[in-house]
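Colleague: Take a look at the following structure, please.
The values are calculated or read from the model by the stated rules, or taken from the named source; none is laboratory data. Quick caveat: nothing in here was measured; it's all calculated off a predicted structure. Positions of Cβ are generated from backbone atoms using ideal geometry, with glycine treated the same way; all protein chains shown enter the neighbour counts. SASA here: full protein model, heavy atoms, side chains in, ligands and nucleic acids out. Shrake-Rupley method; radii C 1.70, N 1.55, O 1.52, S 1.80 Å.
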Amino acid sequence: MTSWKDKREFWISGAKVADPEAGKIRAGSVLIQKGMIAGIVWQKSPETELPVFDAGGLVLAPGFIDIHTHLREPGFEDKETIESGTAAAVAGGYTSILCMANTDPVVDDPSVVEYITRRAEESGHCRVYVTGAVTKGLEGREITEFFHLKRSGAVALSDDGKYISDSKVLRAALEYARVLGMPVISHCEDPYLTADSQMNEGFVSTRLGLKGAHSASEEIAIARDIKLAELTGAHLHIAHISTAGGVDLVKKAKKKGIAVTAEVTPHHLTLDETMLETYDRNLKVNPPLRSAADISALKAALRDGTIDCVATDHAPHNEIDKQVEFNFAPPGMLGLQTAFPQLNTELVKNGDIELIDLIRLMTSSPASIMGFPGGRMKQGELADFVLIDPDEEWVFEKQMIRSRSYNSPLIGKKFKGRVKGVFLEGKYLEDVS
Ligand SMILES: [Zn+2]
């Protein structure tokens, strides 16, 4: 397929073309010119003199967009680099990702934004957007220079990994962010209620003898942040929502017209607290895996639009980090390579949502939350695509992992649905899946 790498003008034909905004998957062909979508026809093969890439009946969707990735570079290159993280992204069907600010140094200065942007240009396999920190050193005290972060290329603001406990600091941040039109992404967990916690608080945590984090810790945090979003008029984006109570709060806020959006991770939608019975350190995440009732509420919220999109919270940790007592293991799991197959297997194939809904939650929805290009199947958009076989059965093996870390609880899992190829601005990326 090498010949497709540099074709500037060609058709992709014989595809089932997924249009997330129209909510449809139909037989069609797409014309690509200079990295953009130049036209779409709803027929299997166009009459043309141009080169034709035969999609062979696969689903052609806009490339996935992840608005919650930890790339770990700079500072933690033993866990992940921009090169390895974006390789994992492409293998998972992603063409754009938004990386978080908890690197070392923290992304609280324009020089770090510029560093990541340059490293992404040099070594990245897909488009990388950068989140700037809300507070200096993620310490929750003094807000950073949002204007300078934005001017150097940051597109959103977040202290992800930490909650901003000081309400006055968050209020000032939201005021400033609103003026600049930047979304503030909030990691909603009250740090006092979650201190030393290992998992969700409840019957299972008691039985396992692990300290729990009650769902109230998320709900309290979301409630305050929504209040401040209402007060300031800023766009608040709730990261990795995990509780039924949190969903209720977002639903009410949206009804009131407050500018709040929310994401959910594949793991919070598909894995529950009882799985911690194995003490698998790769299941330790913040916020923790919740109850079956929470999962039902999260799925319902995906269907009724309370939750806007899926985001991975891809959080690499190397094996040495995780090979310690459960209490000392750092939270986080990989997500980029398994997001689509896991959700296709667990949600689409079980009838919770349709394939086109999953595609929308991973493309046009995150694009509109962050104001990114791409994610849409229409003329004039970026020719970023993922080719999907929604029915292929395969096993996720450790040697398939493109990250530098292997902290996935899904190694050995049988999936239905597989990413078969990726186009980035009309260029077919080789050796993807
Ligand atoms: Zn977080």
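Colleague: Go through region 351-384 and report how many residues are crowded, with 23+ Cβ neighbours inside 10 Å and over 24 Å from Ala154 (Cα atoms).
Modeller: So the count comes out to 4.
Colleague: Would you pick out the residues in region 88-129 that are within 14 Å of the chain's Cα centre (by Cα) and either within 16 Å of the ligand (Cβ to nearest atom) or outside the structural domain of Lys162 (by TED's automatic domain parsing) (or both)?
Modeller: The answer is Ile97, Leu98, Cys99, Met100.
Colleague: Quick check on region 138-182: of everything there that is surrounded by fewer than 15 Cβ atoms within 10 Å (Cβ to Cβ) and of a type in the set (Lys, Arg), which residue is farthest from the ligand (Cβ to nearest atom)?
Modeller: Arg151
Colleague: Follow-up. Is it true that Val204 is more than 20 Å from Ile241 (Cβ to Cβ), assigned to a helix (DSSP H, G or I), touching a Lys or Arg at 6+ places or on another chain (Cβ under 9 Å) and in the same structural domain as Val247 (by TED's automatic domain parsing)?
Modeller: For Val204, the condition - more than 20 Å from Ile241 (Cβ to Cβ), assigned to a helix (DSSP H, G or I), touching a Lys or Arg at 6+ places or on another chain (Cβ under 9 Å) and in the same structural domain as Val247 (by TED's automatic domain parsing) - is not met.
Colleague: Let me ask something additional. Since Leu302 meets every condition but one in (1) under 17 Å from the mean Cα position of the chain (by Cα); (2) closer than 22 Å to Lys398 by Cβ, which condition does it not meet?
Modeller: (2)
Colleague: Test Val260 against the criterion of being away from the ligand (no atom under 15 Å from the Cβ) and free of Cβ contacts under 8 Å to residues at least 40 places away in the same chain, and give yes or no.
Modeller: So Val260 passes the test.
Colleague: Kindly provide the set of residues from region 188-199 that are open to solvent by less than 80 Å² (accessible area, probe 1.4 Å) and under 15 Å from Ala221 (Cβ atoms), ordered by number.
Modeller: Cys188, Glu189, Asp190, Pro191, Thr194, Ala195, Ser197 - these are the residues of region 188-199 that are open to solvent by less than 80 Å² (accessible area, probe 1.4 Å) and under 15 Å from Ala221 (Cβ atoms).
Colleague: Right, another one. I'm checking my understanding of the structure. Among residues of region 69-111 that are outside any loop (DSSP other than H, G, I, E, B) and under 20 Å from Gly140 (Cα atoms), which one is least open to solvent (accessible area, probe 1.4 Å)?
Modeller: Cys99
Colleague: Looking at region 116-137 only, could you name the residues that are of a type in the set (Lys, Arg) and surrounded by fewer than 22 Cβ atoms within 10 Å (Cβ to Cβ)?
Modeller: Across region 116-137, the qualifying residues are Arg118, Arg119, Lys136.
Colleague: A follow-up question, please. Under 6 Å by Cβ, and 6 or more places apart or on different chains, what pairs join a residue from region 339-357 that is assigned to a helix (DSSP H, G or I) with one that is among the aromatic types (Phe, Trp, Tyr)?
Modeller: Pro341/Phe415; Thr345/Phe415
Colleague: Answer yes or no: is there a residue in region 215-224 that is more than 16 Å from the ligand (Cβ to nearest atom), surrounded by fewer than 20 Cβ atoms within 10 Å (Cβ to Cβ) and under 19 Å from Phe328 (Cβ atoms).
Modeller: no
Colleague: Exactly one condition in (1) touching a residue at least 24 places away in the same chain (Cβ under 8 Å); (2) among the hydrophobic types (A, V, I, L, M, F, W, C); (3) farther than 30 Å from Asp104 by Cα is false for Phe203; which is it?
Modeller: In the conditions (1) touching a residue at least 24 places away in the same chain (Cβ under 8 Å); (2) among the hydrophobic types (A, V, I, L, M, F, W, C); (3) farther than 30 Å from Asp104 by Cα, Phe203 misses (1) alone.
Colleague: State which residue is farthest from the chain's Cα centre (by Cα) when the search covers only region 34-59 and only residues that are in contact (Cβ under 8 Å) with a residue 60 or more places away in the chain and open to solvent by 60 Å² or more (accessible area, probe 1.4 Å).
Modeller: Lys34
Colleague: If Tyr129 satisfies every condition in (1) in contact (Cβ under 8 Å) with a residue 12 or more places away in the chain; (2) outside any strand (DSSP E or B); (3) hydroxyl-bearing (Ser, Thr, Tyr) but one, which is the exception?
Modeller: (2) is the only condition that Tyr129 fails.
Colleague: Moving on. Scan region 273-288 and report the pairs whose first residue is touching a residue at least 40 places away in the same chain (Cβ under 8 Å) and whose second residue is charged (D, E, K, R) and within 16 Å of the ligand (Cβ to nearest atom), with Cβ atoms within less than 8 Å and a gap of 6+ or a chain change.
Modeller: Hits for this filter: Glu273/Arg290; Leu276/Lys284; Val285/Asp313; Asn286/Glu189; Pro287/Glu189; Pro287/Glu218.
Colleague: A follow-up question, please. Being within 16 Å of the ligand (Cβ to nearest atom), in a loop (DSSP other than H, G, I, E, B) and at pLDDT 95 or above: is that true of Ile185 here?
Modeller: no
Colleague: Only one residue in Ala293, Ala301, Ala311 is buried (at least 20 other Cβ atoms within 10 Å of the Cβ) and more than 16 Å from the ligand (Cβ to nearest atom), so which one is that?
Modeller: Ala301
Colleague: Is it true that Gly257 is more than 22 Å from the chain's Cα centre (by Cα), assigned by TED's automatic domain parsing to the domain that holds Asn350 and surrounded by fewer than 19 Cβ atoms within 10 Å (Cβ to Cβ)?
Modeller: Yes: the conditions hold for Gly257.
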